[in-house]
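To start, the structure itself, in structure tokens.
The values are calculated or read from the model by the stated rules, or taken from the named source; none is laboratory data. Computed from a predicted structure; not experimentally measured. Cβ sites come from the backbone with ideal geometry, for glycine too, and all protein chains shown count toward neighbours.
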Amino acid sequence: MRRRAGAGTGRLEFIPPMEPQLVAKPPEGDDWIHEIKLDGYRAQIIINGPEDIRVFTKTGKDWTRKYLGIVEAAGDLEVENAIIDGEAVVTDKAGMPDFNALQNAVHNNPYGMYLVAFDIMHLNGHDLRDIGCKARREILYGIIKPNSRIQFSEAMPGDAKSVFYLVEQVELEGIVSKRPDSKYRSGPTSNWLKTKSFTVDEFELLGVEREPGKAAFAFLAQPGTGKYVGSAFISLGRDMKERLLKRVREHTGPPPEAMKKRPATQWVRPGVKLRIKHLRGDHSHIRNASLLGFGDEE
């Protein structure tokens, strides 16, 4: 464990986070730590004493004022200084992460979030990044207080396949698998792997946006309601894409009243159903969505 240069006088600053690689299926083998991937915002707490606590986003934006409840909880930790990595979440009545509620809390309720902490990079003047992930997590667990807005991300027992199956059954976002001996290194890494839990549902097409040089997107609504729920990336093959655009031309209609004016969008009348792959969770706003095909061609 290295002692940080200037410990006791130097001010800790934001460290770009370590980013897990997205994989299609959980890793095999026993040499992994598995954690639940929560539906929230990556957040980094930097403590430089009780009067100097900041919280940053994944990209290094200072969101301290948006996370005042987490800041207060960090002030209760019995540490001189620290950098803690985690996920800011809001939970519903059932205790499940609620991403829509999180988005609302970020703008309206700075005391509405919790931080689920899963790593620590600095503690009391020591740089911990060169020791293994398992050891860092043991150090982190030792400073977390019970009944706090900062909670510890527990490792899930069992093999990755079994853990992922359980996560899918309760419709959580996925899992993150980590090598126990992995050092903390900023940026993408294959020592941490994330496996996301997706599902396929049918939605109604509102319109297609196509801008030169950019990916095409389909705007989607809940069938029968016309209520906008999000957009999906159009990654179909050439034949399927042409058939989609043919349907768009055949069903051309006015834009929905609630949608903003979008010059590059071709709007359609109700009736075109699409099969969409998206993250499990709240159907009122889908995320990480992609178009698979037409609802009447299953």
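General remarks:
- Restricting attention to the range 253-273 and to residues that are outside any loop (DSSP other than H, G, I, E, B) and either in contact with a Cys (Cβ under 8 Å, 6 or more places away or on another chain) or among the hydrophobic types (A, V, I, L, M, F, W, C) (or both), the residue that is surrounded by the fewest Cβ atoms within 10 Å (Cβ to Cβ) turns out to be 267.
- Residue 214 satisfies every condition listed in (1) among the charged types (D, E, K, R); (2) at pLDDT 90 or above; (3) not in a strand (DSSP E or B) except (2).
- All positions within the range 146-164 that are over 20 Å from residue 31 (Cβ atoms) and surrounded by 13 or more Cβ atoms within 10 Å (Cβ to Cβ): 148, 149, 150, 151, 152
- Members of the range 18-37 that are part of a loop (DSSP other than H, G, I, E, B) and more than 14 Å from residue 163 (Cα to Cα): 24, 31
- Note on the range 74-104: among residues that are of a type in the set (A, V, I, L, M), in contact with a strand residue (DSSP E or B) (Cβ under 9 Å, 6 or more places away or on another chain) and farther than 11 Å from residue 47 by Cβ, the one that is modelled with the lowest pLDDT is 101.
- Each residue in the range 28-60 was checked for being of a type outside the set (A, V, I, L, M) and within 20 Å of residue 98 (Cβ to Cβ), and 8 pass.
- Test set (1) in the same structural domain as residue 97 (by TED's automatic domain parsing); (2) in contact (Cβ under 8 Å) with a residue 60 or more places away in the chain - residue 183 fails condition number: (2)
- Residue match in the range 49-62 (condition: in the same structural domain as residue 134 (by TED's automatic domain parsing), part of a loop (DSSP other than H, G, I, E, B) and hydroxyl-bearing (Ser, Thr, Tyr)): yes
- Qualifying residue in the range 172-179 (condition: in contact with a Gly (Cβ under 9 Å, 6 or more places away or on another chain) and at pLDDT below 90): yes
- Qualifying residue in the range 178-192 (condition: of a type outside the set (D, E, K, R), touching a Lys or Arg at 6+ places or on another chain (Cβ under 8 Å) and buried (at least 21 other Cβ atoms within 10 Å of the Cβ)): yes
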